[in-house]
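Have a look at the structure below before the remarks.
The values are calculated or read from the model by the stated rules, or taken from the named source; none is laboratory data. Here the structure is a predicted model, which is why all the values come from computation and not from measurement. Virtual Cβ from ideal backbone geometry, glycine too; neighbours counted across all protein chains shown.
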């Protein structure tokens with residue numbers, strides 16, 4: 001009887017601790033997949049403010065950005081977390097690509113240097129994460145070296161993952177290709193820009209992080 005009571009008390013304390021725990025939730029993915037747009041959507045929904053600046057030019061986010069103490073609710077459940085928006089991970093960063101977007105050489109080289117540092121920081125921060133949302137552009141081929149590298153790093157660390165296929169508002173979007181590429185993960189299709197299917201995203205997030 002005493003052992004049963006002890007187990008009950010231990011479970012109670014574990015449940016309380018788990019509910020109160022502040023999860024570090026990381027947003028990862030390749031450049032321009034929509035990580036910061038999704039971060040802004042989450043922050044607008046629950047804090048009424050944006051998290052960061054977005055741009056059509058890759059590597060707009062070149063430093064780790066953190067928004068602390070976000071509390072979300074879904075189906076009577078609550079989840080608290082610190083949201084960490086990371087720079088886009090790329091296997092190659094060439095300053096000439098920025099020049100093609102209209103940047104001057106000096107500015108392009110500076111951006112490329114900062115973006116490279118951002119990639120290194122993103123990978124380092126993986127060790128700090130409790131849960132990771134991988135944001136992929138659902139209109140792009142999921143079988144890219146970058147995507148496989150990101151997923152491989154997460155699997156090696158045994159970090160819980162929610163895979164998000166962003167930009168489902170576009171005709172070329174294909175969640176089936178993503179599911180075929182990464183069948184081990186649940187995939188939620190959303191439009192971070194327009195808010196399509198964000199309720200399903202929050203429900204899936206609770207399954208992974210709750």
Restrict the check to the range 158-169 and report whether at least one residue is without any contact (Cβ under 8 Å) to a residue 40 or more places away in the chain, under 25 Å from residue 76 (Cα atoms) and crowded, with 17+ Cβ neighbours inside 10 Å. yes
Looking for something under 15 Å from residue 41 (Cα atoms) and crowded, with 19+ Cβ neighbours inside 10 Å - is there at least one such residue anywhere in the range 143-154? no
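Considering only the range 183-202, how many residues are under 17 Å from residue 131 (Cα atoms) and either more than 15 Å from the chain's Cα centre (by Cα) or buried (at least 16 other Cβ atoms within 10 Å of the Cβ) (or both)?
Of the residues in that region, 6 qualify.
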Here are some conditions: (1) farther than 12 Å from residue 28 by Cα; (2) surrounded by 16 or more Cβ atoms within 10 Å (Cβ to Cβ); (3) touching a helix residue (DSSP H, G or I) at 6+ places or on another chain (Cβ under 8 Å). Residue 133 meets all but one. Which one does it not meet? (1)
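Would you point out which residue out of 88, 34, 52 is buried (at least 16 other Cβ atoms within 10 Å of the Cβ), modelled with pLDDT of 90 or more and closer than 28 Å to residue 152 by Cβ?
On inspection, the qualifying residue turns out to be 34.
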Looking at the range 70-78, is at least one residue in contact with a helix residue (DSSP H, G or I) (Cβ under 8 Å, 6 or more places away or on another chain), modelled with pLDDT under 80, at positive phi and part of a loop (DSSP other than H, G, I, E, B)? yes
